[in-house]
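The values are calculated or read from the model by the stated rules, or taken from the named source; none is laboratory data. From a predicted model like this one, the values you see are computed outputs, not experimental measurements. When we count neighbours, we look across all protein chains shown, and the Cβ atoms used for this are built from the backbone with ideal geometry, even at glycine. For accessibility, only protein heavy atoms count, side chains too; no ligands or nucleic acids. Shrake-Rupley method; radii C 1.70, N 1.55, O 1.52, S 1.80 Å.
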Amino acid sequence: MGDAGTQNAPTISLPRPESLERLQAENTNMPSLTVGKPWVVLKFGGTSVSSGQTWKQIVARVKELRATMDCKIFLVLSALSQVTNRIEKSLQEAIEGKELTSLQWIEETHRRLAREIGLDSSALGNVLECVREM
């Protein structure tokens, strides 16, 4: 009997290089993925994207790579620390008809981070409005 977690796991089909070349030919605005400079993928999430200080470190790392390597950089960012847990908790709060304190926490956390990195928190307006509507 197999592991239940792996039986229903989705299969991911990665495009073959010729598929990418066809996509690039059809979409002239799409950057070249298979030709030219090599790609460096940087992924950050959790505590590494949760404060202004850690964002300064991310920016410094990207600048360092751009200055020292002849490459393209693909930056992948995931949720701030505890946000995924708070999303799940806010769904439970909504189901139970409770005050959405977790959703408020998520909004306050993102507004704090925006201030720390020098962004006007109004830049979050449309995103937060969409989240509230859900």
Scanning for something modelled with pLDDT of 90 or more, open to solvent by 100 Å² or more (accessible area, probe 1.4 Å) and within 30 Å of Arg111 (Cβ to Cβ), does the stretch 35-46 turn up at least one residue? yes
Select from the stretch 62-94 the residues that are in contact (Cβ under 8 Å) with a residue 12 or more places away in the chain, within 14 Å of the chain's Cα centre (by Cα) and in a helix (DSSP H, G or I) and list them in ascending order. Val83
Based on this model, can you work out whether Ala67 counts as over 21 Å from Leu124 (Cβ atoms), open to solvent by less than 70 Å² (accessible area, probe 1.4 Å) and among the hydrophobic types (A, V, I, L, M, F, W, C)? no
Counting only residues that are open to solvent by less than 70 Å² (accessible area, probe 1.4 Å) and hydrophobic (A, V, I, L, M, F, W, C), which one in the stretch 95-129 is farthest from the chain's Cα centre (by Cα)? Leu100
